[in-house]
Amino acid sequence: MRFASHRDIARALERALRRASVPVAFSAGFSPHPKVSYTGAAPTGVASEAEYLELTLAEPRPPEQVRADIDAAMPSGIDIVEVVEARHPGLADRLQASEWRVEMADVDPDDAARAVATYLAADSVEVERMTKKGRRRFDTRPAVVRIDVCTDSHGRAPEEHHTTYAILRMVVRHMTPAVRPDDVLTGLRHVADLAPPSSPMMTRLAQGPLDETTGAIADPLTQDRPEAHTSPGPANDNADERRDSASQPSTPMPGPR
């Protein structure tokens, strides 16, 4: 699924909404389209555990029913983890940063740590990327909040294990122009000659409000959940289970910052 484009995901969702008979609202005009708003979609070629969208319904429907109906109609590899009623506007404004996991096979963790230290010590790290408006040069350093280096193999299949590999966990602010994890890797190559021999595996772990002090990312749906507006009790047990399955705030890891 990491090679599915944003448009592929959007089409799959639109088909799932029809299959599930979800009463989605449509825009007015000559060419009506479903009122679905995507925020901060991941680039093609990366996996994600934290994608968000806003959906406008034409009639009330219990959020858990909407989640179950759409999830059952989506193709394998795309899971609807949680649906909540939007009680406050501005979801896009809450998605201030993303945490990324970047796995680099045949890269020594010590080499990665030295490269990260050099990158973080730099005042500016400029890279070039082809955009819709042509080749553009921009500074990646202001967007990077932290980068941690670890050797944890969690999430890797046995056949994917390498004798030498490094894993980066980085928190990157959402800025204009957008700085992607591959832009940071390009910056690491420019300032420290860190060049993985094969394509890294990149996964978005979380996105949401950024704590500038700790570099942690909070859950952007917290203020919309019913338990945020009611007293805790047995009635909230199901909501607690869904929250445990949803994206969690990121935790800073030891290593170069």
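The values are calculated or read from the model by the stated rules, or taken from the named source; none is laboratory data. None of the values given here were measured: they were computed from a predicted structure. FYI the Cβ positions are ideal-geometry reconstructions off the backbone, even for glycines, and counts take in every protein chain you see. For the accessible areas, the whole protein counts, side chains as well, though only heavy atoms, and no ligand, DNA or RNA atoms are used. Shrake-Rupley method; radii C 1.70, N 1.55, O 1.52, S 1.80 Å.
Computed values, structure above
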read-out	value
Accessible-area composition of the stretch 95-208, carbon plus sulfur, in percent [1.4 Å probe]	46
Residue-normalised accessible area of the stretch 95-208, given per residue in Å² at a 1.4 Å probe	48
Cβ-Cβ FRET estimate between Ala68 and Asp123, R0 fixed at 51 Å, reported to 0.05	0.55
Residue-count net charge about Arg87 - beta-carbon cut-off 12 Å; Lys, Arg +1, Asp, Glu -1	-2
Cβ-derived FRET efficiency at R0 45 Å, Met130 paired with Glu227, nearest 0.05	0.50
Backbone N within the stretch 62-102 under 18 Å of label point (7 Å from Arg15 Cα along the Cβ vector)	69-80
Hydrodynamic radius of the stretch 1-122 per Kirkwood, over alpha carbon pairs, in Å	17.1
Largest-first principal axis extents of the Cα set of the stretch 78-129 (Å)	46, 28, 21
21 Å tail of the calculated P(r), the stretch 45-180, as % of Cα pairs	61
In the stretch 51-120, the chymotrypsin sites (Phe, Trp or Tyr not before Pro) that fall in loop regions by DSSP, at most 12 other Cβ within 10 Å	none
By average C-beta atoms within 10 angstrom, highest first, the peptides 103-114, 180-191, 122-133	180-191, 103-114, 122-133
Of Ala41, Thr56, Val81, farthest towards positive along the dipole that unit charges on Lys, Arg, Asp, Glu beta carbons give the stretch 6-92	Thr56
